[in-house]
1. If a residue counts only when it is charged (D, E, K, R) and open to solvent by 50 Å² or more (accessible area, probe 1.4 Å), which strands (runs of 3 or more DSSP E) contained entirely in segment 231-336 have at least 1 such residues?
2. Quick check, is S317 more than 23 Å from S102 (Cα to Cα), small (G, A, S) and within 25 Å of the chain's Cα centre (by Cα)?
3. Listed residues S174, S166, S102; which is of a type outside the set (D, E, K, R), within 26 Å of the chain's Cα centre (by Cα) and surrounded by fewer than 18 Cβ atoms within 10 Å (Cβ to Cβ)?
4. Look at G386 and say whether it is buried (at least 16 other Cβ atoms within 10 Å of the Cβ), modelled with pLDDT of 95 or more and over 30 Å from L285 (Cα atoms).
5. Report, by residue number, each residue of segment 340-363 that is part of a strand (DSSP E or B), at pLDDT 95 or above and open to solvent by 50 Å² or more (accessible area, probe 1.4 Å).
6. Across segment 371-388, what is the total count of residues that are in contact with a Gly (Cβ under 9 Å, 6 or more places away or on another chain) and either assigned to a strand (DSSP E or B) or within 16 Å of H336 (Cβ to Cβ) (or both)?
7. For T80, indicate whether it is in contact with a helix residue (DSSP H, G or I) (Cβ under 6 Å, 6 or more places away or on another chain) and either surrounded by fewer than 20 Cβ atoms within 10 Å (Cβ to Cβ) or at pLDDT below 95 (or both).
8. Any chance you could count how many residues in segment 314-332 are modelled with pLDDT of 95 or more and on the phi > 0 side of the Ramachandran plot?
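The values are calculated or read from the model by the stated rules, or taken from the named source; none is laboratory data. Everything numeric in this text was worked out from a predicted model, so none of it was measured. Positions of Cβ are backbone-derived with ideal geometry, glycine not excepted, and every protein chain shown enters the neighbour counts. These area figures cover heavy atoms from the full protein model, side chains too; ligands, DNA and RNA do not enter into them. Shrake-Rupley method; radii C 1.70, N 1.55, O 1.52, S 1.80 Å.
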Amino acid sequence: MTREQVKRTIPRKWGPILALVAILVVVGTALAVHNDGYFELDGNATSIADDGAPFGFNDGEDWDKICPAGEPAGAAAPCTGGSAAIAKFFKTDDNRIFTGGSTKDDLDVTGWLHTTGSVPDKDELLHGFAARYGDHVYFGADRFANSGDAQMGVWFFQSAVGPITSGANAGKFSGSHRDGDILVLSDFTRGGTQPTIRVFRWNGPGGSITTPATINGTLDLLAGTATDIRDCQGATLSSTDPFCATVNTGVIASPWAFVPKSGPAGSFQKGEFYEGGIDLAFLNLQDECFSSVILETRSSTSVDAVLKDFVAGAFESCGANISIAGTATNEVNAPHTFTVTVSKTIGGTQTGVLGVVPTVTLTSTNGATITNANTSDCDDGTDASGVCLVTFTSTTAGVVTGHASANVVISGTTFPVQTDGQAGNSGDAIKTFVDARIGLSPLTDT
């Protein structure tokens, strides 16, 4: 049966009803990052029991599910783990700081430098964390002291960016920028309690992404301003707001080991805990795969401010797979079809890849003679489901093996895949052709 034959039709009378349902679904799911039910952007790090209100700002998970379970030992409310996030990151600062005049957000990380040392107490990060749920990403950090305004930055990189700590390149950073990397700048004024937030996209010199708001030739301003107050706990925040940030407004407990400059251990003093979130779909970035994340403190609100402290690590794991199916036994000269499916995984969600042209190799053994092979469907590329078809037959009995391979590009990274039975790929498909007759003797009425 062809793909056209398996299509289903919908009676015309259902058209208006289905259209209305589609509208209701879209409207019903257009929620802000602070009330989407995924995560609690409520100015603390501990999950709060559901208050029963639909999509409240304290519904969903919190950072106590992202940090390692059981930390710290003996605490009244330690980390629990068990997050449903499709990607998560939690790391304790290792006393590495930025250094060098080329270590700025508007310059490529290939020129960034780091060393061990210290920064002003209010810029000293002790932990950094991030999580992704579907097309929403959340991020946060805590700092050693709350003595003054704070400038925070979060980079989501498509390549594996991080500090190199040994070898000939020690003191430099691995990886490099790719067009589409995301920078979120959050500035906390009035003693570090009033947040503004801006979202930028990296657009390297000569890159393909252009907008009127490109800054210093490398950063496209996607949303927000330096004076736009977007407090996730603010009463005036829109119910569909796609990005916000906030800090703790009073002393709160820390689910992980935290020792501030002043005040009791295990407690964040006012303005020492920061968190925020953005809706990637709003920025048309829902298909990006972010392999690494860096949380940073900065000297000022300027995009070319000197960078100070940082916490860095791996974030998402993305990849691709391929399968070939159609293993069966048929009579010689009967046409057979191998179905090739190419998929990609981004943010924990697997989808078909459109337009990939896989290489399909048919190999005959045990006497099979391949005829009428037709790869035109796959030569034209996979459909929206990532599927293409290869048809063939054999005039003699034997076995035909189908092997498929392809290159899948995700966020600038090429993932070569083949039907080798490894890492989620299928094995080769095997088709057996037979030529046999069954005789009954003697022939009788019964």
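1. 328-331
2. Yes; evaluated as a whole, the condition is true for this residue.
3. Being of a type outside the set (D, E, K, R), within 26 Å of the chain's Cα centre (by Cα) and surrounded by fewer than 18 Cβ atoms within 10 Å (Cβ to Cβ) holds for just one of S174, S166, S102, which is S174.
4. no
5. Across segment 340-363, the qualifying residues are T359, T361, T363.
6. 2
7. When the stated conditions are applied, T80 passes them.
8. Residues meeting the conditions: 0.
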